[in-house]
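Below is one structure; the comments refer to it alone.
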Amino acid sequence: MSRTSASLIPSAPGPSTPLTNSYTYHSSTPTAPGPYILGVDEAGRGPVLGPLVYGVAYCPVSWKTDLEQLGFADSKTLTPEKRAQLLGVLNSDPQNLGWSVRVISPQAISAGMLRIPPTNLNKQSQDATVLLIRDALQRGLQLSEVYVDALGNTTTYEAYLSSQFPGINFTVTTKADSKFKIVGAASVAAKVTRDACVDGWTFEELIEEDENAARNTRNWNREFGSGYPSDPKTQIWVKNSLDPTFGFPSIVRFSWTTVKVILEKSAHPVKWIDEGQESLMKAFEGGKGREKDRCIVAKDLGIQSIGML
């Protein structure tokens, strides 16, 4: 997808707009009477570059037969041209079809995973899914069935979602995008949005702060590859994009092991000069083993986490 084409995707940031914060995009709300089915899928869970995008698609239960004829499938099995054409299909019948995406920025992913205690990718994914389902309900859609593509323990996740949204029948399974057309539609929305975000990426580090500011002389190329750590093109881009003092541009997920290793080997080491604060900093570090997530101060004061009051 060219940068020009990427700028035409309504769920991607506008031209020359850097992706710094996570955001949600909604198509127009369908007007056909319910109840509705809704599918959930993601794009970009594994890459070291770019956002993680969760997508949902929804249509009336009575429209299922029509949906089956539209060609939706697991977006990974479709060409970029076919995916773009299917996103047009999603926009072609606003009375019966709708979709939304939650775009989680690389900075948000890294900030969550590097904080103490960490918010891992599973929790961030779960939060995005709940947010999108809740948004659909708040927009007036009567949901009766929700289909979710997920990894890991799908039984536990299905029980969790059912507890959050009583009255909705949840089906959480692997490869749901190839089993249920509504999940395939969500897969297309997520994948096209992520591709547009990456292909149209604006490096915020190169934007002039004002008209008189000197432009940064660093000019990162766009030979990203697939964004996956195992991709040789991605590996070369990441290696060549390191600034030994400032690290990587914001398209990179700093929390990925691939990036941590490069920073340890090739970036300048940092030494805190306020040595007098070392013992204080250590007191607030997270514990290990059975004391995980409890710092020394919390342990000494006997502070315990509670689930409810």
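The values are calculated or read from the model by the stated rules, or taken from the named source; none is laboratory data. If you're wondering where the values come from, they're calculated on a predicted model, not measured in any experiment. Glycine also receives a Cβ, built like all others from the backbone with ideal geometry; neighbour counts cover every protein chain displayed. Note: areas computed on protein heavy atoms with side chains; ligands, DNA, RNA excluded. Shrake-Rupley method; radii C 1.70, N 1.55, O 1.52, S 1.80 Å.
Per-structure values
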| quantity | calculated |
| --- | --- |
| Calculated P(r) tail over 24 Å for region 64-191, as whole % of Cα pairs | 33 percent |
| For peptides 114-127, 242-255, 192-205, 148-161, sequence by mean Cβ density within 10 Å, most packed first | 192-205, 242-255, 148-161, 114-127 |
| Contour excess over end-to-end distance, with Cα ends at Thr20 and Ile116 and 0.36 nm allotted per residue | 32.4 nm |
| Signed unit charges on C-beta, dipole axis of region 35-183, positive-most listed residue Thr154, Gln138, Phe72 | Thr154 |
| FRET E, pair Phe165, Val61, Förster distance 22 Å, beta-carbon r, rounded to 0.05 | 0.85 |
| Accessible surface of region 1-130, 1.4 Å probe, proportion on carbon and sulfur as whole % | 54 percent |
